[in-house]
Amino acid sequence: MKTKVIAGVLAGVLSNILMQYSMDFNDTIIDLRHIPLIIVTYYGGVVPAILSTLLIGIGRLIIGVNISSFLGVVLVAFVAVTTLLTRRLNVNRGIKVFITLTASNIVFTIMVCYLLQSVQVLLFLVPVFWAISYTAGFVAFYLIEYVRESQRVLEQYKSEASTDSLTGLNNVRKFDQLFNEACMQAERKGEKLSLLFIDIDHFKSVNDTYGHKEGDQVLIELGELLKNTVRSFDIVSRNGGEEFTVILLDCPMERGEEISERIREAVQEHPFMLTTGNVINVTVSVGLACYNETTEKPSALLEDADEALYEAKKTGRNKVCASSRFAYSNI
């Protein structure tokens with residue numbers, strides 16, 4: 001709503017600026033005030049349409065109160081209503097813009113013929129106005145769509161640069177950024193910070209037996225399982241292959257152990273449904289490290305958690321190991 005209000009006001013202001021650069025024919029002024037109105041109504045709907053129409057009407061009446069100004073207000077209101085109606089049509093954008101501009105040009109022509117009543121002026125003015133109106137309208141919409149598409153592509157690239165395309169989790173680049181931020185926050189506030197390295201046991205055999213497509217399905221389900229098992233503010237990432245990480249914010253070792261064990265049990269008990277309809281079970285090994293308990297430097301968490309994960313793998317898998325190499329779960 002805030003954006004719509006701002007857009008409506010800005011469109012009204014722009015239309016009033018365009019009125020200052022109009023063609024004057026006695027008490028009648030000819031300009032392109034309807035273009036910003038069409039644009040903001042098409043993209044924003046009723047709220048910006050009303051605001052813009054009001055501002056344009058007020059601006060026109062300030063310039064002069066006469067029959068021309070009243071007809072100008074009527075034209076602006078007509079343009080707003082026409083745009084609101086045409087934007088609902090089930091046709092492509094170009095046709096909608098053409099219909100709106102054509103309707104606006106027709107009503108303008110009727111009004112200007114009534115006001116001027118000079119055939120010589122009208123024979124010059126009407127064709128020129130129609131040409132300029134069509135050109136300005138289509139160019140404006142083209143530029144807006146170009147900017148919107150560029151913004152969409154930019155947002156897509158930004159998302160792809162920080163998101164794992166398969167699972168939708170943070171990728172390793174985003175993990176590095178968030179991990180560094182979490183470390184600085186933990187140091188600044190004196191909080192404890194836990195880090196989990198999670199790896200699927202014997203994942204190669206899943207790919208070899210069922211194929212990489214089914215392996216990807218396991219990774220997707222595991223990503224969802226991790227998000228649903230940890231706390232809402234914890235940070236889950238896929239760092240590559242079958243390796244995942246969880247940053248446990250403001251989390252001491254004891255709490256980290258509970259969450260790690262909950263993850264291990266949840267994965268062990270979860271039936272992973274493949275696209276073929278087959279159901280398989282997998283397990284994970286978890287390495288845990290905690291800043292202010294297993295290490296004095298948050299930057300050392302990566303190495304400590306990795307060593308703990310290696311210990312869990314070496315000593316039997318399907319277990320959680322802390323960086324002290326003490327295995328407190330071995331199923």
Quick calc, His202 & Asn180: beta-carbon distance into FRET formula, R0 51 Å, rounding 0.05, result 0.95
By the Cα gyration tensor axes a ≥ b ≥ c (a/c under 1.5 gives rounded; else a/b larger than b/c gives prolate, otherwise oblate), the shape of the stretch 37-115 is oblate
Relative contact order of the stretch 150-279 (C-alpha contacts under 8 Å, at least 6 apart) in percent is 30
A correct Kirkwood calculation over the Cα atoms of the stretch 1-153 returns a hydrodynamic radius in Å of 15.7
Taking a label point 7 Å from the Cα of Phe25 along Cα-to-Cβ, the residues of the stretch 104-139 whose backbone nitrogen sits under 12 Å from it are 108-130
Taking 146-152, 191-197, 96-102, 158-164 and ranking on average Cβ neighbours within 10 Å, highest first, one gets 191-197, 96-102, 158-164, 146-152
Cα convex hull volume per residue for the chain, in Å³, equals 172
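How much length, in nm to one decimal, is gained on full extension between Ser299 and Thr135, taken as 0.36 nm per residue of separation minus their Cα-Cα distance? Mind showing how you got there, number by number?
Working: separation 164, 0.36 × 164 = 59.04 nm, distance 5.93 nm.
Extra length available between Ser299 and Thr135 comes to 53.1 nm.
Quick note: the coordinates plus some simple rules give every number you see, no bench work behind them. Because the structure is predicted, anything quoted here is derived from the model rather than measured. FYI the Cβ positions are ideal-geometry reconstructions off the backbone, even for glycines, and counts take in every protein chain you see.
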